[in-house]
Every structure is written in C-alpha cells, then in structure tokens.
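Peer 1: Shown below is the structure under consideration.
The values are calculated or read from the model by the stated rules, or taken from the named source; none is laboratory data. Just so it is clear, the structure is predicted and the values come from calculations on it, not from any experiment. In this analysis, Cβ positions are derived from the backbone assuming ideal geometry, glycine residues included, and neighbour counts consider all displayed protein chains.
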C-alpha cells in the first residue's frame, strides 16, 4: 500500500488515552506545577473575553437590524 492510497481522514484524528497522558506529562514538565493554574486562568480569561466580544458584536448587529426595521415602517 502506498501513501497515495491512504485516506487523509485516517492521518488526522483525536489523540487517544495514552497520547493524552503523554501530552499532560509534557505540559507538566515544561510549565511546572505552579505555572499550570496561571496558564489555565489565562486561557479562561481569554475565552471569557472572546465570548463577551462575540456577544457585543451580536447585540450590535441585532440593534442595527431592528433600527432598519423601524426605519422601513
């Protein structure tokens, strides 16, 4: 079987249990036990800010759409 005959779906997949453990161990070794909570807080803060910005844009768009509906009437 050549590489040309392999379906690309099989080359990209989610890590299995053993791979997740390896990834976790590498993260612990690289960042240390004390830095991981700070890293998690930073990621959580970034996600929160992204969601807040997403909601702000969504509300701005909805407000613009409702303003156009009022103008049409």
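Peer 1: Are there any pairs with C-beta distances below 8 angstrom linking a residue in the stretch 46-73 that is at positive phi and part of a helix (DSSP H, G or I) to a residue that is at pLDDT 85 or above and surrounded by 10 or more Cβ atoms within 10 Å (Cβ to Cβ), with the two at least 6 apart or on different chains, and if so which?
Peer 2: none
Peer 1: What are the residue pairs meeting all of these: first residue in the stretch 11-24, first residue modelled with pLDDT under 90, second residue assigned to a helix (DSSP H, G or I), Cβ atoms under 7 Å, and 6 or more apart or on different chains?
Peer 2: 15/23
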